[in-house]
Structures are given as C-alpha cells and as structure tokens.
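The values are calculated or read from the model by the stated rules, or taken from the named source; none is laboratory data. Values in this document were obtained by computation on a predicted structure and should not be read as measured data. Quick reminder, even Gly has a Cβ in these numbers, built from the backbone with ideal geometry, and neighbours come from all protein chains shown. Remember, those area values only see protein heavy atoms, side chains included, never the ligands or the DNA or RNA. Shrake-Rupley method; radii C 1.70, N 1.55, O 1.52, S 1.80 Å.
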Amino acid sequence: TSFELGWKTVAWDDRLSFELAGFHTDWKDIIIQTHYGSTQYFVNGGKAVSQGWESTLGLNPVEGLNLRATLAYTDAQLTEDTDVLVAPGVPLGADGDELPFVPKWTSSLVADYSFAAFGDWTATLGGSVNYVGERMSNYSGKNGIEVPSYTTWNASFSLQNEDWLLTVYGK
C-alpha cells in the first residue's frame, strides 16, 4: 500500500520549476534475495516500510541552458522479523534492519547546454555529478556490511540532426 503527496510549480515564464513529493509504502510479504553458498534465491520476508521525500529544482536561465538539482531521502526497513531463519532463533532479517542497498540520501546536479553547431546540426554539452549515500549490503542475519557512499562525475558531447545522433560520454 503506497501513499504519495506532491507539489509542483513553475514560475519565471516557465524557466524555473520546483517539485517536492513525500511517500510512504507499507510492504506485506516483501521479496528478499538471499543465498546459500553460491546459489541466489528469493524468499518472502514479512513486512517492511519505505518512506521519505524527493525534490527537484530546475532552471532554464537562457535559451539552451538547462540546470537541475535533485535531493532525496529514503528510510526503508523491515517492520518485523522474517520467518526465514539463518540459524536457530536467528532471523534472516530482524525488525528494524535497513532494506539492502537502499541509501538514505541521494542527490544530483546536472547541466546541459544546446546550441546550433553547423548546417542542421545541434550540439549539446553536458555534465553531472551524482551522489549515492551509505547503505547496508544485507540483513543482520547475513552479517550485512555498510557499503560506502560514492560520487560519480559524468560529461557528454553530442551532435544531432533529424536523422542522426552522435554522442561521446565519460563517467
């Protein structure tokens, strides 16, 4: 069962936009991936909750320039012990365990600039920086470890006309 409430607005002759949304999801019989030796498989994991908010700010200050920033927070965890045990009396996941690989914080900054290049070709230069926060690798019953946060930097250049799109990018 999922609930979401959001707000979106535009201003400054549609050159400025802002979006904010909050969400709450109650999970029943959540699917959990686990393993035995080198074999991966899925089991029902009981109940969980995922809740948080996300926001986006967009700005187009001049023709061809698009700027965007995003920020999101997610709190996702089991709300009961799993029925699956990894040892007598030790559940695969315990009430309060974070859902694996779900970071609490994510964010990004993006900039793209498009302009007439030559003939009917348009060029676009772009770049972004993206952040993914710390997260757990697994549930407590499988000795989850904290996966560190990371940041990626991306750059791209493209040429486009009605029939072709050529892009070079790096990450």
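In whole Å, what is the distance between the alpha-carbon centres of region 114-156 and region 1-44?
Using only Cα atoms to place each centre, the spacing works out to 18 Å.
How high is the relative contact order of region 5-46, given as a whole-number percent (alpha carbon pairs under 8 Å, six or more residues apart)? Let's see the in-between values first.
On the way: 46 pairs, mean separation 11.7, N = 42.
Computed over region 5-46, the figure is 28 percent.
Using Cα-Cα distances under 8 Å and only pairs 6 or more residues apart, what relative contact order does region 29-104 have, in percent?
About 25 percent, as a whole number.
If each of ASN161 and HIS24 carries a label point 7 Å out from its Cα toward its Cβ, how far apart are those two points in nm?
5.6
I want to check a number: in the chain, how many lysine pairs have alpha carbons closer than 22 Å, given a sequence separation of 8 or more or different chains?
Numbers: LYS28/LYS47; LYS28/LYS104; LYS28/LYS142; LYS47/LYS104; LYS47/LYS142; LYS104/LYS142.
Qualifying lysine pairs in the chain: 6.
Please compute the per residue accessible area over the chain with all protein chains in place, 1.4 Å probe, rounded to a whole number of Å².
With all protein chains present, the chain gives 65 Å² per residue.
Under the definition of Cα pairs under 8 Å and six or more residues apart, what whole-number percent is the relative contact order of the chain?
Dividing the mean separation by the residue count of the chain yields 14 percent.
Return the single residue from ARG68, ARG15, ARG135 with maximal mean-square fluctuation; model: Gaussian network over the chain, springs between Cα atoms under 10 Å.
Comparing ARG68, ARG15, ARG135 in a Gaussian network model of the chain, the most mobile one is ARG15.
Measure off, as a whole percent, the carbon and sulfur share of the 1.4 Å-probe accessible area of the chain, all protein chains present.
57
Go ahead and collect, in residue order, the members of region 43-81 whose backbone nitrogen is under 20 Å from a label point 7 Å along the Cα-Cβ direction of LEU16.
Under 20 Å, as judged by backbone N against the label point of LEU16, lie 55-71 of region 43-81.
What does the extension gain come out to for ASP75 and VAL147, with contour length at 0.36 nm per residue minus their alpha carbon separation?
On the way: separation 72, 0.36 × 72 = 25.92 nm, distance 1.59 nm.
Here the segment from ASP75 to VAL147 would lengthen by 24.3 nm.
With r defined as the distance between the Cβ atoms of TRP7 and ALA87 and R0 fixed at 41 Å, what FRET efficiency is calculated, to the nearest 0.05?
Numbers: r = 47 Å, r/R0 = 1.16.
Step by step, r from the Cβ atoms, then E = 0.30.
Please build a GNM for the chain, connecting alpha carbons under 10 Å apart, and tell me which residue among ASN60, ASN138, ASN161 fluctuates the most.
ASN161
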